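Note sheet for the following structure.
None of the figures in this text is laboratory data; all of them are computed from the coordinates on show. Everything numeric here is computed off the predicted structure, so don't read it as measured data. Neighbour counts are summed over all protein chains in view; Cβ atoms, including those assigned to glycine, are modelled from backbone coordinates with ideal geometry.
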Amino acid sequence: MYMIIFKTISHIVFTVTLGWYLIVNLQWYNYKIDRVIFRHKKYLWHILLFIVPVVAYYLTGKYFWIYFYFALLPAYYIWQRGLDKKLVFTSRVKRFFLFLILAVVFQDILCLVSERCYILGVILPLIVAVIVSNIFEKILFEGFKKEAKKKLKNMNNLKIIAITASYGKTSMKNFLYQILDDNFNTYMTPKSVNTEAGVIKDINTSLPKDTEIYIVEAGARQKGDIRKIVDVVQNDYAIVGKIGPAHIEYFKTLQNIRDTKMEILQSKNLKIAYVHESAAVKPEENIIVFGENIKNSFSSLDGLKFDIEIDNKLETFYAENILGEFNAVNITAAVLMALKLGMAMDTIKKRVLHLRQVQHRLQKIQAGGKLIIDDSYNGNLEGMVSSYELVSFYKGRKVIITPGIMESTKDANITLAKKIDEVFDLAIITGKTNSMILLDNLKKCKKLILADKKELQNILAKETNDGDLILFSNDAPTFM
């Protein structure tokens, strides 16, 4: 009797442990099982923490529980402690565990009648939990989607601006919000929320009913993603920023990226769209191409200055807190949109002057006698190289901390490494994904591998001095 109780409880604990690993990975990859299987960067985790335990469960018999309690559980504990992006217990995650526990308990009740059911062991409860959870979430999602559409439809004075780009969409969103906010009741999707599910949740839970301008960031990992967002918000205006090979690993070709971004123009309510020249579209009555109208841009550690040609006249803009020449594109898009909404040029210039840099995007920080440039949310080749050119004018010693470019090509990381070698005195490489490519192509600067991010503070204390510039260039969680 005691052995039956022990075996039953242990079976439940083991199944939930594997479920924990599964749901953590699903949450990282937006609950896409194909991405967990085919796009994961740490397949060794899959082998050691999932496949080996399942195989051992079937092959080791009564000795399995010794391995489980004295080897696997401690390994899970150590693994979980080392993650910098831990499981967030959302309602969806809680429902998944509920379905999993119900499935495994039901199975164990059947096993009291016939031990043959243990042949399916932990596999069947996990499959059932994933399938039931997905069905339940889809049903809930459709209800939330209808609710969001209804809420937007009832907001009669609302204008919706949708923004997308390969690079800079979050910056454009923030810059536009800062320019418009004092003139309109303006609201934007928070942080980097840019998926269909994220936008729907934002509308239902956070969008104030007296909002006049709603700025929506639209991101994508595959064709149709932006079209789904447009189907919900039916934006009145669209901004398409610079297009390039960001997430090329998913899209395969630049043309696929371009076509996906252009889905933002499919809104039935679209009045005007501002599209960067990199999209290669022809100007039309309601499509205004920008990019060539940006002139004389100059960026330094003291800010950004540039001209925009508007109605055959050069208008000069200065942003004292914004770093990076590429931000001239992002600010220009916001300026053109603000003009369309009726704001005066002088007012817009004053707002641009005092724009605040978006957190973790070329954010300048003075700390402990060192100049820190936090560009950890910049993950594309063009933007990263531009930031290196910016800091190259700094006269002191320069240190970079980077994992390279994630979800990109080997050639892009080789190009990045060569640029790092030109500018920096010390390169601290984080993560394993691009470490060998970067190390092989860094010839001049000193280089260090950071195996554990927890050691970064100690390394910086040891390897950097007062007066150094430290650039955090991109970042990657431990699962990348």
Worksheet item: Given only helices, namely DSSP H runs of n ≥ 4 each adding -39500 (n - 2.57), what is the per-residue ellipticity at 222 nm of the chain, to the nearest 500 deg cm²/dmol?
Response: -14000 deg cm²/dmol
Worksheet item: With the contact rule set at Cα under 8 Å and sequence spacing of 6 or more, what percent relative contact order holds for the range 2-139?
Response: 32
Fill in: Top positive-direction residue, dipole computed over the range 146-290 with Cβ charges, set Leu254, Thr186, Ile243
Leu254
Response to the item:
The computed P(r) of the range 315-429 puts the percent of Cα pairs beyond 25 Å at 32
Worksheet entry | the chain: relative contact order as a whole-number percent, Cα under 8 Å and 6+ apart | 11
Item to complete: Treating each Cα of the range 363-473 as an identical point scatterer and ignoring solvent, apply the Debye formula and state log10 I(q)/I(0) at q = 0.19 Å⁻¹.
Response: -0.95
Item to complete: Measure nothing but the geometry: give the 0 to 90° angle between the long axis through the Cα atoms of 2-28 and the longest principal axis through the Cα atoms of the chain, rounded to 10°.
Response: 10
Practice prompt. Taking the Cα atoms of the range 26-79, report the difference between the largest and smallest coordinate on each principal axis, in whole Å and largest first.
Written response: 36, 23, 17
Worksheet entry | Packing rank of 326-332, 358-364, where each peptide gets the mean count of other beta carbons within 10 Å, highest leading | 326-332, 358-364
Item to complete: Could you tell me how many degrees, from 0 to 90 and to the nearest 10, lie between the Cα long axis of helix 123-153 and the main elongation axis, the longest principal axis, of the Cα atoms of the chain?
Response: 30
Worksheet item: Considering only DSSP beta bridges with both partners in the chain, what is the antiparallel share in %, to the nearest 5?
Response: 30
Fill in: Total formal charge among the other residues, if their Cβ is under 11 angstrom from that of Ser387, Lys/Arg +1 and Asp/Glu -1
-3
Worksheet item: Per 10 Å bin, what is the whole-percent P(r) computed from every C-alpha pair distance within the range 170-256?
Response: 16, 48, 28, 8, 0
Fill in: Sequence of His247, His276, His354 once ranked by neighbouring C-beta atoms within 10 Å, starting from the fewest
His354, His247, His276
Fill in: Exposure proxy order (Cβ contacts within 10 Å, fewest to most) of Tyr237, Tyr67
Tyr67, Tyr237
Worksheet item: Could you give the angle, 0 to 90 degrees to the nearest 10, between helix 169-180's Cα long axis and the longest principal axis of the Cα atoms of the chain?
Response: 50
Worksheet item: With charges only on Cβ, +1 for K and R and -1 for D and E, what is the dipole size of the range 363-473 about its Cα centre, in debye, rounded to 20?
Response: 280
Discussion item. Within 12 Å, Cβ to Cβ, of Asn269, how many net charges do the neighbouring residues add up to if Lys/Arg are +1 and Asp/Glu are -1?
Written reply: +2
Item to complete: State log₁₀ I(q)/I(0) for the range 155-353 at q = 0.07, 0.12, 0.17 Å⁻¹ as given by the Debye formula over alpha-carbon point scatterers of equal weight, solvent excluded.
Response: -0.18, -0.56, -1.15
Fill in: Largest to smallest principal axis extent of the C-alpha atoms in the chain, angstrom
87, 59, 38
Discussion item. What percent of all Cα-Cα pairs in the range 2-139 falls into each 10 Å bin, going from 0 up to the bin containing the maximum distance?
Written reply: 11, 42, 36, 11, 0
Worksheet, complete the sentence: For the range 175-219, shape from the Cα gyration tensor axes a ≥ b ≥ c, cut at a/c of 1.5 then a/b versus b/c, turns out oblate
Worksheet item: Treating the beta-carbon of each Lys and Arg as +1 and of each Asp and Glu as -1, no other charges, what is the dipole magnitude of the range 2-139 about its Cα centre, to the nearest 20 debye?
Response: 460
Worksheet entry | Peptide ranges 249-259, 386-396 listed from the most packed, as the mean C-beta count within 10 angstrom indicates | 386-396, 249-259
Fill in: Whichever lysines have a C-alpha closer than 23 Å to that of Lys7, once near sequence neighbours (fewer than 8 apart) are set aside
Lys62
Fill in: Size of electric dipole in the chain: Cβ of Lys, Arg +1 and of Asp, Glu -1, about Cα centre, debye, nearest 20
1160
Fill in: Packing rank of 79-87, 125-133, where each peptide gets the mean count of other beta carbons within 10 Å, highest leading
125-133, 79-87
Worksheet item: What net charge is computed for the residues neighbouring Ala279, neighbours being all others with C-beta under 11 Å from the C-beta of Ala279, Lys and Arg scored +1, Asp and Glu -1?
Response: +2
Item to complete: Mind checking which of Phe106, Phe136, Tyr318 is farthest towards the positive end of the chain's charge dipole, using Cβ charges of +1 (Lys, Arg) and -1 (Asp, Glu) about the Cα centre?
Response: Phe106
Worksheet entry | Proxy reagent accessibility, fewest Cβ within 10 Å first, across Met3, Met172 | Met3, Met172
Practice prompt. Give the residue from Phe479, Val352, Leu176 lying farthest towards the positive end of the charge dipole for the chain; charges sit on Cβ (+1 for Lys and Arg, -1 for Asp and Glu) and the dipole is referred to the Cα centre.
Written response: Phe479
Worksheet, complete the sentence: Log entry: pair-distance distribution for the range 338-388, C-alpha pairs binned every 10 Å from zero, whole % per bin is 21, 32, 30, 15, 1
Fill in: Cα-Cα over 28 Å, subset of Lys271/Lys305; Lys85/Lys419; Lys305/Lys370; Lys252/Lys446; Lys94/Lys201; Lys153/Lys223
Lys271/Lys305; Lys85/Lys419; Lys252/Lys446
